[in-house]
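Everything below concerns the one structure shown next.
What follows is calculated from the coordinates using simple rules that are stated; it is not laboratory data. Source: prediction; values computed, not measured. Quick reminder, even Gly has a Cβ in these numbers, built from the backbone with ideal geometry, and neighbours come from all protein chains shown.
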Amino acid sequence: MITSMVSAKMKQVFVFLTAFLFISATTYAQQNAAPASEYFTIEGYYKVKWGYADEFISLWKANHYPLLKKAIEKGDIISVIASKPKFHSGEDTRWDFRVIIVFRTVVQAFDENLTESYKKQLYPDQETLKKAEQHRFELLISHWDIETGNVSLN
């Protein structure tokens, strides 16, 4: 009888401790994770010299995207989406490449050194990287960034 009473009490203590730990862990995760409403989205548009869009995109994918992937792994960036137009537009409104980056917070979005620590790790030959990036920017006519946010339709 005493054994069954002790066993019942131990089960109660176990259930209580399990619930306490679950609630504590959930609360901690919620307090330390940025809610989606605090994510900061920037759309970057690139206008490239005629005939060089594919080369520009290839250089971007080789030299810049790996840095952004590292920031995703770290959790500073939530997602990166790249696209290009399927149709053409007028010269004054055309763009050749768009990148949408969702940052965890506005602080990461404006941190000029966000990916700097990954450069030497990913590109041991810094001189080659510098030349490739210089060429990528030689192909560029213009670039602009737009902060975007969702609009509630309710």
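Within the range 35-51, the residues that satisfy the criterion of being of a type outside the set (D, E) and either surrounded by 17 or more Cβ atoms within 10 Å (Cβ to Cβ) or assigned to a strand (DSSP E or B) (or both) are Y39, F40, T41, I42, G44, Y45, Y46, K47, V48. If you check I81, I72 for being without any contact (Cβ under 8 Å) to a residue 24 or more places away in the chain, closer than 30 Å to S37 by Cβ, under 23 Å from the mean Cα position of the chain (by Cα) and surrounded by 14 or more Cβ atoms within 10 Å (Cβ to Cβ), only one passes: I72. Identification of helices (runs of 4 or more DSSP H) wholly contained in the range 89-154 with 3 or more residues that are more than 16 Å from E43 (Cβ to Cβ) and of a type outside the set (D, E, K, R) yields 116-122, 126-138.
Confirm whether V99 is under 14 Å from H64 (Cβ atoms) and of a type outside the set (G, A, S). Taking the combined requirement at face value, the residue satisfies it.
Return yes when T93 is β-branched (V, I, T), on the phi < 0 side of the Ramachandran plot and loosely packed, with under 11 Cβ neighbours inside 10 Å and no when it is not. Here the answer is yes, as T93 does meet what is asked.
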